[in-house]
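Read through the structure below, which is laid out as structure tokens, and then see the notes.
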Amino acid sequence: MEYVEQKAFDPLTVEVYPCGKSEFVLQGDDERTHLECVKGKKRIDFAVDGKNREYMLRFHDTKRPRSVQMNGNEITPISDMKDSKDRLPQVHYDEKARMLHVRVKGQRFELSIVFH
């Protein structure tokens, strides 16, 4: 935070451009969040280890996934991200933008995105 009345980013939006293996550490005054992405031929694995918060992960230039799992549990796709903001986790694929939106809440989790 830079000033007294500043609000934390919630959800924290992360723009992900999957390519091979990549890592990023977000360092704040009282927090540290480690993000890791590994893109294979038919899957993307994404891990977060950090502050317990809501994350909006936007995976760019992807195909429609066959399945998305969080910590081994399937996330059911929704038709529109605006419809059910209270229910988490969420996953929505935007065909026109070729973008996968995943909205989750947690401190430490792993996503597995599998393609056809």
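Derivation of every value follows stated rules applied to the coordinates shown; laboratory data play no part. Bear in mind that the values here come from a model prediction, so they are computed numbers and not experimental data. So basically every Cβ, Gly included, is an ideal-geometry build from the backbone, and we count neighbours across all protein chains shown.
Computed from label points 7 Å out along Cα-Cβ, the spacing between residue 47 and residue 17 is 2.4 nm. Sparsely packed loop sites in the range 22-76 (the chymotrypsin sites (Phe, Trp or Tyr not before Pro) outside DSSP H, G, I, E and B with at most 13 other Cβ atoms within 10 Å) do not occur. Potential lengthening of the chain between residue 54 and residue 31 amounts to 6.8 nm, from the contour at 0.36 nm per residue minus the alpha-carbon distance.
Normalised by residue number, the volume inside the convex hull of the Cα atoms of the range 12-115 is 93 Å³ per residue.
Mind checking the dipole of the range 12-115: about its Cα centre, +1 per Lys or Arg Cβ, -1 per Asp or Glu Cβ, Debye to the nearest 20? Don't skip to the end; give the middle numbers.
Values: 20 positive and 17 negative charges, 98 e Å.
Result for the range 12-115 is approximately 480 debye, rounded to the nearest 20.
Of the GluC sites (Glu not before Pro) found in the range 19-116, the ones in coil according to DSSP and having at most 13 other Cβ atoms within 10 Å of their Cβ are 31, 95. Based on the Cβ-Cβ distance from residue 38 to residue 78, what FRET efficiency comes out when R0 is 25 Å, to the nearest 0.05? Taking R0 as 25 Å, the efficiency between residue 38 and residue 78 is 0.45.
Work out which trypsin sites (Lys or Arg not before Pro) in the chain are exposed loop sites (DSSP not H, G, I, E or B, at most 12 other Cβ within 10 Å) and give the longest gap free of them. Please report the intermediate quantities before stating the final value.
Working: sites that count: 7, 41, 42, 82, 85, 87, 96.
Here the longest segment lacking exposed loop sites spans 43-81.
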